[in-house]
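One structure is given here, and the rest of the page talks about it.
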Amino acid sequence: MDEALWNEMDGFIVEKLLPADPVLDAVLAASEAAGLPAISVSAAQGQMLHIFARMMGARRILEIGTLGGYSTLFLARALPEGGTVVTLEADAHHAEVARANFARAGLSDHIDLRVGPAIETLPVLEAEGAGPFDLIFIDADKPSNPAYLDWALRLSRPGTLIVCDNVVRAGRVLDAASTDASVIGIRRTYEIAGAEPRLTATAVQTVGAKGYDGFALLLVE
Ligand code: SAM
């Protein structure tokens with residue numbers, strides 16, 4: 001494992017392929033200045049989410065886990081006219097920082113930020129008839145991933161793509177005897193996704209600025 005090499009290669013990828021982006025740089029700087037942890041997706045990963053959303057022509061996007069809104073902005077920038085990202089965040093301070101970041105990016109009108117534990121805001125969305133969503137990004141507390149996958153299926157339609165971050169955790173997910181609640185939640189999510197006839201599923205391992213991890217890609221039938 002050579003994290004320095006992964007980091008350097010990530011820098012190369014971003015330098016060669018992503019346009020300079022002072023707004024997103026300012027978003028990361030503001031999040032850091034506000035004391036938020038550096039656990040957002042990387043720029044290259046954010047661009048991947050953006051490309052997924054564009055490929056699908058996603059108009060309705062749901063994100064579980066906002067933090068400072070970095071990934072939210074990659075998704076919101078992919079929306080067609082009239083599209084919306086609904087993003088769920090439990091931590092009021094994170095939400096406040098994200099709101100300022102959405103304004104900084106000029107995208108507040110396209111982002112519906114709901115503050116509270118997602119397990120409470122998801123039923124509200126369902127009751128409002130907010131679904132179905134075209135793309136759902138799960139990136140919050142990992143022990144709740146099985147519940148979030150269940151909600152994602154309820155709020156989806158055939159053709160919805162569900163993307164789930166951090167499903168490798170440097171290989172710790174291999175440990176069937178793990179007592180780590182995140183590992184247990186992720187392992188259970190693999191079981192559910194693998195047995196769910198409504199899903200065509202895979203997971204892709206990643207290395208880079210965010211270490212060794214991976215994304216699950218779940219396509220709803
Ligand atoms: N998606 C963000 C990005 O890439 O920029 C990163 C999200 S960060 C990994 C996870 C976020 O989920 C944190 O801001 C955390 O406060 C939030 N979170 C944790 N538990 C939650 C819950 N039960 N409901 C909603 N959000 C939660």
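Annotations for the structure displayed:
- Using C-alpha pairs under 8 Å with a sequence gap of at least 6, the mean separation divided by the residue count of the chain gives a relative contact order of 19 percent.
- Spin-label model, residue 196 to residue 170: label points 7 Å out along the Cα-to-beta-carbon direction sit 2.8 nm apart.
- For the pair residue 127 and residue 180, a Förster radius of 45 Å applied to the C-beta separation gives a FRET efficiency near 0.85, rounded to the nearest 0.05.
- Taking the 1.4 Å solvent-accessible surface of the chain as the whole, the part contributed by carbon and sulfur is 56%.
- Averaged per residue, the chain has 47 square angstrom of accessible surface, using a 1.4 angstrom probe with ligands and nucleic acids left out.
- Dividing the radius of gyration of the alpha carbons in the chain by their Kirkwood radius gives 0.94 for Rg/Rh.
- Computed FRET value (nearest 0.05) for residue 104 with residue 17, which takes r as the C-beta separation and R₀ as 35 Å: 0.90
- Figure note: 175, 112 ranked by solvent-accessible area, largest first, 1.4 Å probe, ligands and nucleic acids not counted: 175, 112.
- Among 145-156, 79-90, the peptide with the highest mean count of other Cβ atoms within 10 Å heads the list, and the full ranking is 145-156, 79-90.
- Gyration tensor (alpha-carbon) shape descriptor, region 14-104, a/c threshold 1.5: oblate
The values are calculated or read from the model by the stated rules, or taken from the named source; none is laboratory data. What you see is a predicted model, and the numbers here were worked out from it, not measured in a lab. Glycine gets a Cβ as well: all are built from the backbone with ideal geometry, and neighbour counts include every protein chain shown. Surface accessibility is based on the protein's heavy atoms, side chains included, excluding ligands, DNA and RNA. Shrake-Rupley method; radii C 1.70, N 1.55, O 1.52, S 1.80 Å.
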